[in-house]
Amino acid sequence: MNSYFETLVFIGRRFQKRVGSSHPLKIRLYPELTLPPCMIQYGSLIKVDKKFMALAIEEAKKAFEKREVPIGAVIVKDDEIIAGAHNLKETFNNAIYHAEILAIRDACDFLGTWRLTGCTIYVTIEPCPMCAGAILQSRIKRIVIGAMDAKSGACGSVINLLNNPGFNHQAEIETGILEEECSQLMGNFFKFLRYK
């Protein structure tokens, strides 16, 4: 199973197949649904996450074209994009010009506040410690990650700064959204660097 939702769908269908559609439990709890409402809502959220992650991937492709490490980020509030950015570290010779930092800066400018409460950030690759710290500082509610970074990820791979109970803010983390596309873009970039 690729995701939690797919596992739930599999379990729901298996239950229906094994006991039949006229099983009293199914009729009593979910007369018209194969899956419980919470599972359907989760499925809708996955669709929304994929839509916005696809836009973060477009940002990452802009970085690739500039020979920057292809990481993109978009920030969403109330189902509207308020900021989008990609890595510009090499372009400006600035160590902090990561996609997440630039997107957070632009979102703060757009909203006129440093508090990005109620916002979700979509990022193609797991944030580093600096970017995870910026996500905490800006009070972003939720982070959706395409692919994890086993070497420097700070949202669960090497360390998890976003769910540390010692901090006064934690963020919800969702991983693996369009993971293959995000990983492939990174892999293609480093192949390009090796063979150029």
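With no solvent and one point on each alpha carbon, what is the Debye value of log10 I(q)/I(0) for segment 78-151 at q = 0.13, 0.19, 0.23 Å⁻¹? These q points yield log10 I(q)/I(0) values of -0.35, -0.76, -1.10. Within the accessible surface of segment 50-196, defined with a 1.4 Å probe on protein heavy atoms only, the carbon and sulfur portion equals 51 percent. A simple count of charges around His169, restricted to other residues whose Cβ falls under 15 Å of its Cβ and scoring Lys, Arg +1 and Asp, Glu -1, yields +3. Taking 0.36 nm per residue of sequence separation and removing the Cα-Cα distance, the Ala54/Glu90 pair yields an extension gain of 10.6 nm.
Its alpha carbons give segment 121-196 an Rg and a Dmax of 13.4, 46 Å.
Using the Cβ of Glu59 as centre and a radius below 12 Å, the other residues enclosed give a net charge of -2, where K and R count +1 and D and E count -1.
The values are calculated or read from the model by the stated rules, or taken from the named source; none is laboratory data. Since we're looking at a predicted model, the values are computed, not measured. Glycine also receives a Cβ, built like all others from the backbone with ideal geometry; neighbour counts cover every protein chain displayed. We work out accessible area using only protein heavy atoms, side chains counted, and drop any ligands, DNA or RNA first. Shrake-Rupley method; radii C 1.70, N 1.55, O 1.52, S 1.80 Å.
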